[in-house]
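Participant: For reference, the structure I am asking about is given below.
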Amino acid sequence: ERNPHLCDGASGRNSGVICTGVDAAPGSLERALIRDSISRVREFCEDHNVPKRECGSFVCLWPWDEDEEEVRAVDCDEKKVENEYEFGDDGEGVNKKLRLILRDSHIAGDADAAYLDSEAVATLEPSLSTKCKGAVHIPGEIVVDPWLFPLAMATHS
């Protein structure tokens, strides 16, 4: 924590989502540390009575995302990604960005990550905007209280 008071900086300005590392670069130290820490976070929460919600997360595709031409650079052949991550009978209708996110999720160790079409997303999250065109569901992610978690860590350190 950069500031002199707990939760007065990064620790107090987080979403509470304990992610599985899909956003970190493949092969990076950041991804390795995130992957290692998620199991420890679960254990810490149980040992110290910190509530957690194992709800997973969605990486959603919105209409304005489809208009963007740039796709995050990844170390792979895009044709291989398209062939490896086919959906349905012909793979049509699944945005390249979601294919890459699903691929990265699997590489990061989230073997249960899956593509959901807009209908499946609406069934699981009926309050989400109907403009969602589909999503990658990452079931391994958990949510903790963004204030209670750092306080518990400080208390038990």
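Participant: Please verify whether the stretch 19-32 includes one or more residues that are assigned to a loop (DSSP other than H, G, I, E, B), of a type in the set (Ser, Thr, Tyr), at pLDDT below 85 and under 17 Å from Ala111 (Cβ atoms). Spell out how you get there, then give the answer.
Facilitator: Taking the stretch 19-32 as the starting set, the residues that turn out to be assigned to a loop (DSSP other than H, G, I, E, B) are 19-28.
Then keep just the ones that are of a type in the set (Ser, Thr, Tyr); that gives 20, 28.
Next, only the ones that are at pLDDT below 85 stay: 20.
Those still in the list that are under 17 Å from Ala111 (Cβ atoms) too: 20.
For the stretch 19-32, residues assigned to a loop (DSSP other than H, G, I, E, B), of a type in the set (Ser, Thr, Tyr), at pLDDT below 85 and under 17 Å from Ala111 (Cβ atoms): present.
Participant: Which of the residues that make up the stretch 23-35 are over 17 Å from Ala113 (Cα atoms), surrounded by 11 or more Cβ atoms within 10 Å (Cβ to Cβ) and of a type outside the set (S, T, N, Q)?
Facilitator: In the first step, residues of the stretch 23-35 are kept if they are over 17 Å from Ala113 (Cα atoms); the result is 25, 27-30, 32-33.
Filter once more, keeping what is surrounded by 11 or more Cβ atoms within 10 Å (Cβ to Cβ): 25, 28, 30, 32-33.
Ala25, Glu30, Ala32, Leu33, listed by residue number.
Participant: Go through the stretch 6-25 and report how many residues are over 15 Å from Ser37 (Cβ atoms) and of a type in the set (Asp, Glu).
Facilitator: Within the stretch 6-25, residues that are over 15 Å from Ser37 (Cβ atoms) and of a type in the set (Asp, Glu) number 1.
Participant: I need a count of the residues in the stretch 103-139 that are outside any helix (DSSP H, G or I), among the small types (Gly, Ala, Ser) and crowded, with 19+ Cβ neighbours inside 10 Å. Spell out the reasoning first.
Facilitator: Looking only at the stretch 103-139, we keep the residues that are outside any helix (DSSP H, G or I), and these are 108-117, 125-139.
Retained after the next criterion (residues that are among the small types (Gly, Ala, Ser)): 108-109, 111, 113-114, 127, 129, 134-135.
Next, from what is left, pick out any that are crowded, with 19+ Cβ neighbours inside 10 Å: 108, 113, 134-135.
Qualifying residue count for the region: 4.
Participant: Only one of (1) open to solvent by 80 Å² or more (accessible area, probe 1.4 Å); (2) touching a residue at least 60 places away in the same chain (Cβ under 8 Å) is not met by Cys55, so which one is it?
Facilitator: (1)
Participant: Condition first: of a type in the set (Phe, Trp, Tyr) and open to solvent by 90 Å² or more (accessible area, probe 1.4 Å). Now tell me which residues in the stretch 140-157 satisfy that.
Facilitator: Here is the first cut: in the stretch 140-157, the ones of a type in the set (Phe, Trp, Tyr) are 147, 149.
Residue satisfying the conditions is Trp147 alone.
Participant: Moving on. Looking at (1) of a type outside the set (A, V, I, L, M); (2) exposed (fewer than 11 other Cβ atoms within 10 Å of the Cβ); (3) in contact with a strand residue (DSSP E or B) (Cβ under 7 Å, 6 or more places away or on another chain), which is the one condition that is false for Glu46?
Facilitator: Of the numbered conditions (1) of a type outside the set (A, V, I, L, M); (2) exposed (fewer than 11 other Cβ atoms within 10 Å of the Cβ); (3) in contact with a strand residue (DSSP E or B) (Cβ under 7 Å, 6 or more places away or on another chain), the odd one out for Glu46 is (3).
Participant: Here's something else I'd like to know. Quick one: which of Phe87, Phe58 is at pLDDT 80 or above, among the aromatic types (Phe, Trp, Tyr) and either part of a loop (DSSP other than H, G, I, E, B) or under 20 Å from the mean Cα position of the chain (by Cα) (or both)? So that I can check it myself, show each step before the final result.
Facilitator: Working: Phe87 fails: at pLDDT 80 or above.
From the options Phe87, Phe58, the qualifying one is Phe58.
Participant: Follow-up. Applying the selection to the stretch 100-155, what residues are in contact with a Ser or Thr (Cβ under 7 Å, 6 or more places away or on another chain) and of a type in the set (Lys, Arg)?
Facilitator: Lys133
The values are calculated or read from the model by the stated rules, or taken from the named source; none is laboratory data. This structure is a prediction, so every number in the text was calculated from the model and none was measured. As a convention, Cβ positions derive from the backbone with ideal geometry for all residues, glycine included, and neighbour counts pool all protein chains shown. The protein model used for the area step is the full one, side chains on, heavy atoms only, and it has no ligands, DNA or RNA in it. Shrake-Rupley method; radii C 1.70, N 1.55, O 1.52, S 1.80 Å.
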